[in-house]
């Protein structure tokens, strides 16, 4: 099981946000460049298993980018945000993080969950 | 000086102090940072506003600022500069948490949004704790 998981919820509909494209990136602290690690799409439960391996999830700064604009587009709706990026950082190894995204066309929230 | 004359002079000064403050036009874009862990405004949070150039997609810095005691930052942009496009508000949230002696999960928060009708007003609050944040289009 990936030590990093997410869960995208369409809170306007009260349903998971399915088939949303997302990507995980890690910041190279020397070059300040973001390296893309994974691309994926949320499943029917709004989740995207297998984001990263235990070995790959070393302490550092990561970014989860959610293609929310494309998602609303695919539902025939406009939205305020073209995409959402959540940047987080950790120092201790062997951690697990659950990073949900609760979303409507004009709002979003995220938190460190479990 | 006679009392009467002093009263006259006092009248001059008071009417000058009655001048209403000439606040400039209100920015069509505003924000409000709230520390929801403590239930207080997020004051002294550094922030910056960018617009994305087309077609290069490069971000151009428009304003930098810092939230006041009420967590607000007036004067983000003028009506003239507020054209349609994609904008980004970046909040230096980790600096803020560190300044009150706490660690935080997010090194910063960036909110990217699309302005299709610059004639409207847009209010973009940021509600935050050390391990969460939310934003919405408000008024």
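Report yes if some residue within region B:64-71 is surrounded by fewer than 18 Cβ atoms within 10 Å (Cβ to Cβ) and within 14 Å of another protein chain (Cβ to nearest Cβ); otherwise report no.
Going residue by residue through region B:64-71, those that are surrounded by fewer than 18 Cβ atoms within 10 Å (Cβ to Cβ) are B:64-66, B:68-70.
Subset that is within 14 Å of another protein chain (Cβ to nearest Cβ): none.
No, region B:64-71 contains no residue that is surrounded by fewer than 18 Cβ atoms within 10 Å (Cβ to Cβ) and within 14 Å of another protein chain (Cβ to nearest Cβ).
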Residues of region B:125-137 classified as more than 9 Å from every other protein chain (Cβ to nearest Cβ) and in contact with a strand residue (DSSP E or B) (Cβ under 6 Å, 6 or more places away or on another chain), total = 2
Search result, residues across region A:103-114 that are out of contact with any helix residue (DSSP H, G or I) (no Cβ under 9 Å at 6 or more places or on another chain), crowded, with 17+ Cβ neighbours inside 10 Å and either more than 8 Å from every other protein chain (Cβ to nearest Cβ) or under 15 Å from residue A:20 (Cα atoms) (or both) = A:104
In region A:30-61, which residues are assigned to a loop (DSSP other than H, G, I, E, B) and within 14 Å of another protein chain (Cβ to nearest Cβ)?
-> A:32, A:59
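What is the residue count in region A:62-82 for residues that are touching a strand residue (DSSP E or B) at 6+ places or on another chain (Cβ under 7 Å) and either more than 8 Å from chain B (Cβ to nearest Cβ) or buried (at least 18 other Cβ atoms within 10 Å of the Cβ) (or both)? So that I can check it myself, show each step before the final result.
Within region A:62-82, the first condition is being touching a strand residue (DSSP E or B) at 6+ places or on another chain (Cβ under 7 Å), and the residues that meet it are A:62-68, A:70, A:80-82.
Pick out the ones that are also either more than 8 Å from chain B (Cβ to nearest Cβ) or buried (at least 18 other Cβ atoms within 10 Å of the Cβ) (or both) and you get A:62-68, A:70, A:80-81.
So the count comes out to 10.
Bear in mind these aren't lab numbers, they're just calculated from the coordinates by the rules spelled out. Predicted, not measured: the structure shown is a model, and the values here were computed from it. For neighbour counting, all protein chains shown are included, and Cβ atoms are generated from backbone atoms with ideal geometry for every residue, glycine included.
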